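Only one structure is covered here, and it is reproduced in the block below.
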Amino acid sequence: MTDTLDLQPARIDLSTRPEPTPKAGTGPLGGPSYEHRGATIDCQPGGYICRLRLPGCPLDGHTFGAPGTIPYLVDLWLDHRTIPPWIKSARPLA
């Protein structure tokens with residue numbers, strides 16, 4: 001039996017996804033902080049390296065690029081309980 005990896009991400013309508021909501025002028029990492037559907041996005045000064053805080057999600061505590069790239073990951077986790085297949089280091093155990 002051969003396991004296959006589906007590289008097609010779950011379908012999310014990107015046209016209706018809101019941008020993260022600014023939470024505070026300066027967050028704990030020294031840059032802006034945002035909120036999206038209960039997740040917290042804390043950025044470093046300049047706002048280009050941001051940490052996701054979403055308890056229960058395997059990506060909780062991981063850092064990503066600009067804050068606008070993170071809501072897709074939050075929506076994917078909250079709506080489908082999955083993460084993109086190209087993020088392998090944080091994949092939940094089956």
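The values are calculated or read from the model by the stated rules, or taken from the named source; none is laboratory data. Nothing here was measured: the structure is a model prediction, and the numbers come from that model. In this analysis, Cβ positions are derived from the backbone assuming ideal geometry, glycine residues included, and neighbour counts consider all displayed protein chains.
Select, from Ile70, Ile41, Ile49, the only residue that is among the β-branched types (Val, Ile, Thr), touching a Ser or Thr at 6+ places or on another chain (Cβ under 8 Å) and in contact (Cβ under 8 Å) with a residue 24 or more places away in the chain.
On the way: Ile70 fails: touching a Ser or Thr at 6+ places or on another chain (Cβ under 8 Å); Ile49 fails: in contact (Cβ under 8 Å) with a residue 24 or more places away in the chain.
From the options Ile70, Ile41, Ile49, the qualifying one is Ile41.
Under the condition of being exposed (fewer than 10 other Cβ atoms within 10 Å of the Cβ) and under 14 Å from the mean Cα position of the chain (by Cα), which residue from the range 15-59 is modelled with the lowest pLDDT? Write out each step before concluding.
Going through the range 15-59, the residues exposed (fewer than 10 other Cβ atoms within 10 Å of the Cβ) turn out to be 15-16, 18, 25, 55-56.
The next check asks that each one be under 14 Å from the mean Cα position of the chain (by Cα); those that pass are 18, 55-56.
Working: Pro18: 70, Pro55: 96, Gly56: 94.
It comes out as Pro18.
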